[in-house]
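Before any comments, here is the structure.
No lab work stands behind these numbers, since they all come straight from the coordinates. All figures in this text were calculated on a predicted structure; none of them were measured in a lab. Here the Cβ positions follow ideal geometry from the backbone for every residue, glycine too, while neighbour counts run over all protein chains shown.
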Amino acid sequence: MKRTIAMILSGGQGDRLSVLSEERAKPAVIFGGRYRIIDFTLSNCANSGITNVGVLTQYRPRSLNDHIGIGRPWDLDRGGGGVSLLQPYLGSEASDWYRGTADAVFQNLYYIEESRAELVLILAGDHVYQMAYDELVDFQRDHDADVSIPIYDVPTEEASRFGTLFLEDDRIIDFEEKPERPRSNLVSMGIYLFKRDVLMQALVDDANDESSKHDFGGDILPRIVADRSRKVYGQRFHGYWRDVGTVEAYFQANMDLLEDVPELNLYDPDSEVRTRMTPNPPVKVGQHAQISRSLLSVGAIVNGLVEHSVLSPGVYVEEGAVIRDSIIFDDSHIKAGAIIERSILDKEVTVGKDCYIGYGDDWTVNQERPDIVNGGFTIVGKRAELLPGVKLGRNCVIGPGVTVAGTNGDYVPSGRTIRVEERTTTFSV
C-alpha cells in the first residue's frame, strides 16, 4: 500500500452534535467510552497498511491535534510518510480558509505530489466503521477504475441525508447529492479512491469553476460520473457503518455497542481500533454497585447503579446514583441520589446530589435547535455543574461551563437551552 495515500477530512464546522462539538471538531468527539470518532478511520488506515496519512483540520483543531500527536498509536510516527496535520494557512495567493471538502484537498495538492502516490483515498473523519481499504484498492485495480466508491444500503426515508447513486454492473451511472426525494437507497459512504492524476485534474477544474461550492459530493463526483469517459465504480459494503454527525445517530451508535454481539466488533484483533492511551488505573466497582449491559472505561469508579450506558475514563458514580441509557464523558462526577436518563454528559461535568437529568414525560423538542435536539436526549456541556436538587427535562441543552443552581424540586422545562458567554455565570431555576 505504499502507492496509496489517505487524506482525512476533519475540519468542517458542524453543529449537528450540539454542544458536544462546540469546543472541538466532530472527529475529536468521544465515542464508545475511550475512543475518539476519528480513531476508526485512522485505525482502518493502519490495519490496511496505509502509512502516509494527511489529516485536514480547520475548525477548533486543538483537541484533535493533541489526540493524534505524531500518530504513535496508529504506527504512523515514521519518516518517509506517517501522519501530517494539514491546516489552512494565509500568506500566499493560493491559500485561504478551506471553502469546502474539495478545496481543502486542492490547497494541499503539494502534499499529494510530494508523496508520489498512484492512488489517493479521500476519507471522512466523522464516520464509525471498520473497513479493509486494501480490498478497495484491489477492487479499483481489478476494474481499472478512475474512481471507486464504497456504497451502502440505507432505508429510503434516510437516503436524503447522503449522496445517492445508481449502479449498472458495478458502474455508477448517476449521482445525486442529498436529494429531497431520493430515487435510490444506495448511498455513498463518503469514501473515494481516485487515481492520482484524475483527482488532481478534477480539483484544478473545480477550483476554476466560480459556480462551484468546492465539495466532493456536491460538485466533484456528479461531474466525474456525468463524464462517460471516466470509469466510476461502486463497491458494496456489508459491514457496520454509521455517519454519527447527528445527536440521534451518535447516541444510537454508542448504544449499538451494548448488544450481546454488536455489529461493530471492538474485540476483533484483526480489525483493532487503536487510540491514544491514558495512564488511568483499572475500573473499580464498589460493594453495592449494580451494573448491567454497559461499557466501563479505565479509571471509572462505580458505587451506584449503571444500566445500558457508556462510561468514559475517570467517571465517578457515587452510591445511590442511577445512570440509565446514557453516555458519560471523562472525569464526570455523579453524586449520591442523582438520576441520569437518556442523556449525554460531556467531560468534567458535576451532577449534584438528588439531581435528575432527563426528568419527566414531556418530550417537547429543543426550542433553540428543534432540528437536532428532538429525540428526548438531554445534553450537558463540558465542565457544566448542576447544583443539588436541579431537575432537567428532556431535549434540554446546558452549555459548557454553565452552573445551574436550585433547591429541591426546581425544574428546567423540557426543550430549554441554557448558555452564557461568561462561564462563571450561575443560573437559578
Rounded FRET efficiency, nearest 0.05, which uses the C-beta distance separating residue 308 from residue 109 and R0 of 56 Å
0.75
From the phi of every residue in the range 312-328, what ³J(HN,Hα) in whole Hz does the Karplus formula 6.51 cos²θ - 1.76 cosθ + 1.60 yield, where θ is phi - 60° and glycine or proline is x?
7, x, x, 6, 10, 10, 6, 4, x, 7, 10, 10, 10, 6, 9, 10, 10
Subtracting the Cα-Cα distance of residue 171 and residue 229 from 0.36 nm times their residue separation yields 19.7 nm
Of the candidates 399, 387, 163, the farthest towards the positive dipole end of the chain (Lys/Arg Cβ +1, Asp/Glu Cβ -1, centred on the Cα centre) is 387
Between residue 181 and residue 160, what length comes free when the chain is fully extended (0.36 nm per residue of separation minus the Cα-Cα distance, one decimal in nm)?
6.9 nm
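With a sphere of radius 14 Å drawn around the Cβ of residue 301, what net charge do the other residues whose Cβ falls strictly inside it have (Lys, Arg +1; Asp, Glu -1)?
Net charge around residue 301: -2.
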Over the chain, what is the percentage of antiparallel beta bridges among all DSSP beta bridges, to the nearest 5?
25 percent
Which order results if 70, 398, 339 are arranged by neighbouring Cβ count within 10 Å, fewest first?
70, 339, 398
So which GluC sites (Glu not before Pro) in the range 31-124 end up in coil per DSSP with only 12 or fewer other C-beta atoms within 10 Å?
93
Positive-end residue of 47, 87, 61, charge dipole of the range 1-152 with Cβ unit charges:
61
Using only the Cα atoms of the range 284-428, what are the Rg and Dmax in Å?
14.0, 43
Return the calculated 222 nm mean residue ellipticity for the chain, to the nearest 500 deg cm²/dmol, obtained by summing -39500 (n - 2.57) across DSSP H runs with n ≥ 4 and dividing by the residue count.
-4500 deg cm²/dmol
Fewest Cβ neighbours within 10 Å first, please rank 241, 363 accordingly.
363, 241
Any lysines whose Cα falls less than 23 Å from that of residue 26, other than same-chain ones fewer than 8 residues away, would be 178, 213, 347, 382
Looking at the range 110-168, which trypsin sites (Lys or Arg not before Pro) are in a loop (DSSP not H, G, I, E or B) and have at most 14 other Cβ atoms within 10 Å?
116
Efficiency by 1/(1 + (r/R0)^6): what FRET value for residue 290 and residue 263, r their Cβ-Cβ distance, R0 = 30 Å, to the nearest 0.05?
0.65
Residues whose modelled amide H sits under 5 Å from the amide H of residue 392, counting only those 5 or more places away in sequence or on another chain, are 356, 357, 358, 359, 412
Of every Cα-Cα pair in the range 180-220, the percentage lying beyond 16 Å is 49 percent
Within the chain: Cβ-based charge dipole about Cα centre, in debye rounded to nearest 20 (Lys, Arg +1; Asp, Glu -1):
960 debye
Taking one equal scatterer on every alpha-carbon of the range 261-306, how large is log10 of I(q)/I(0) by Debye at q = 0.25 1/Å?
-0.98
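Provide 40, 166, 377 in ascending order of the number of other Cβ atoms located within 10 Å of each residue's Cβ, fewest first.
Fewest to most other Cβ atoms nearby, the residues stand as 166, 377, 40.
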One checks the Cα atoms of the chain and finds Rg and Dmax, in Å, of 22.6, 70
Let me know the Kirkwood hydrodynamic radius for the range 179-313, please, with Cα pairs as the basis and the value in Å to one decimal.
19.5 Å
